[in-house]
Amino acid sequence: MKASDTGCVFCTGNQRYLLIVSRKAAQTPNRATSGDVLPPVALPQHDGRGPGHIAFGIRKDALDFWRARLAKHDVDLLSEISWESGARSLYFRDPNGHMIELATPGIWEAP
């Protein structure tokens with residue numbers, strides 16, 4: 001487990017993690033060490049309650065495919081993050097406003 005003012009992360013298996021984010025942090029944009037901005041997880045109408053963010057792992061070589069697929073379906077890309085580890089994340093919202101992340105391997109190092 002790793003904890004910070006934002007929340008905590010638990011390693012639940014090989015490349016599987018559970019992130020718990022505080023309500024305050026869910027409503028605040030964050031900045032990655034690369035300087036990229038992560039949008040707030042929760043929309044104001046959600047008040048930081050309930051499901052706000054889910055991430056799915058994708059292969060690193062699938063980033064271009066996913067960018068094109070999202071654009072083809074008129075899905076606005078909120079942010080693209082380059083992590084220190086070389087991993088990347090794409091962020092967008094589903095029709096109900098929940099944040100979806102597509103993440104390549106390597107965001108979280110093994111504890």
Want the number for Val75 to Leu18: 0.36 nm per residue separation, take away the alpha-carbon distance, what's left? 18.0 nm
Just add up the charged neighbours of Tyr91: K/R +1, D/E -1, any other residue whose Cβ is under 13 Å from the Cβ of Tyr91. -2
Carbon and sulfur together cover what percent of the accessible area of segment 54-111 at a 1.4 Å probe radius? 56 percent
Once you order the gyration tensor axes a ≥ b ≥ c over the Cα atoms, which shape class does segment 56-111 get: rounded for a/c under 1.5, otherwise prolate or oblate by comparing a/b with b/c? prolate
Going by amide H atoms built from the backbone, whose H comes under 5 Å of the H on Asp36, apart from near neighbours? Ser82
Ranked highest first by the average count of other Cβ atoms within 10 Å around their residues, in what order do 93-101, 64-72, 81-89 fall? 81-89, 93-101, 64-72
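The values are calculated or read from the model by the stated rules, or taken from the named source; none is laboratory data. No experiment lies behind these values; they were computed from the predicted model shown. Note that each Cβ is placed from the backbone with ideal geometry, even for glycine, and that neighbours are counted across all protein chains shown. What goes into the accessible areas is simple: the full protein's heavy atoms, side chains included, and nothing from ligands, DNA or RNA. Shrake-Rupley method; radii C 1.70, N 1.55, O 1.52, S 1.80 Å.
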